Amino acid sequence: MPQTNQLDCAAWRAFRLFLVALDDGELDRADRQLRRELATRQEYERDITRLFFSSLQAADLQIAQETIRAERRARILDRRLIRRSAVPKRTRPRPGR
């Protein structure tokens, strides 16, 4: 899917004017930040879960965290039940034998 530019020509001109106003140190920091943003964006695009979480608001992230915790608790209980059902019951010797 081809990417489209969301900024128009006027916005790019404003960005270039912003860059001109930066001193060398600030320009270097802007460049480092841009590289971090690009790396983060690529990571988001590779990981569907991270991409999904990045679209959520803080309150929704909290609900997602609670939901994951509940799922983990349920799986722990399921595993315990499976282990218990897999363990053979001890047989007691009958009295008199």
_Unique residue being without any contact (Cβ under 8 Å) to a residue 60 or more places away in the chain and under 20 Å from the mean Cα position of the chain (by Cα) when the list is LEU27, LEU38_ = LEU38
*Number of the exception - ARG90 against (1) at pLDDT below 95; (2) under 23 Å from the mean Cα position of the chain (by Cα)*: (2)
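To keep it simple, each residue is scored yes or no on (1) farther than 30 Å from ARG16 by Cβ; (2) hydrophobic (A, V, I, L, M, F, W, C); (3) assigned by TED's automatic domain parsing to the domain that holds ARG16; (4) assigned to a loop (DSSP other than H, G, I, E, B).
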| site | (1), (2), (3), (4) |
| --- | --- |
| ASP31 | no, no, yes, no |
| GLN42 | no, no, yes, no |
| GLN62 | yes, no, no, no |
| ILE82 | yes, yes, no, no |
| PRO95 | yes, no, no, yes |
*Would it be correct to say that ALA39 is farther than 23 Å from PHE53 by Cα and among the hydrophobic types (A, V, I, L, M, F, W, C)?*
no
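The values are calculated or read from the model by the stated rules, or taken from the named source; none is laboratory data. From a predicted model like this one, the values you see are computed outputs, not experimental measurements. Cβ: placed from backbone, ideal geometry, glycine included. Neighbour counts: every protein chain shown.
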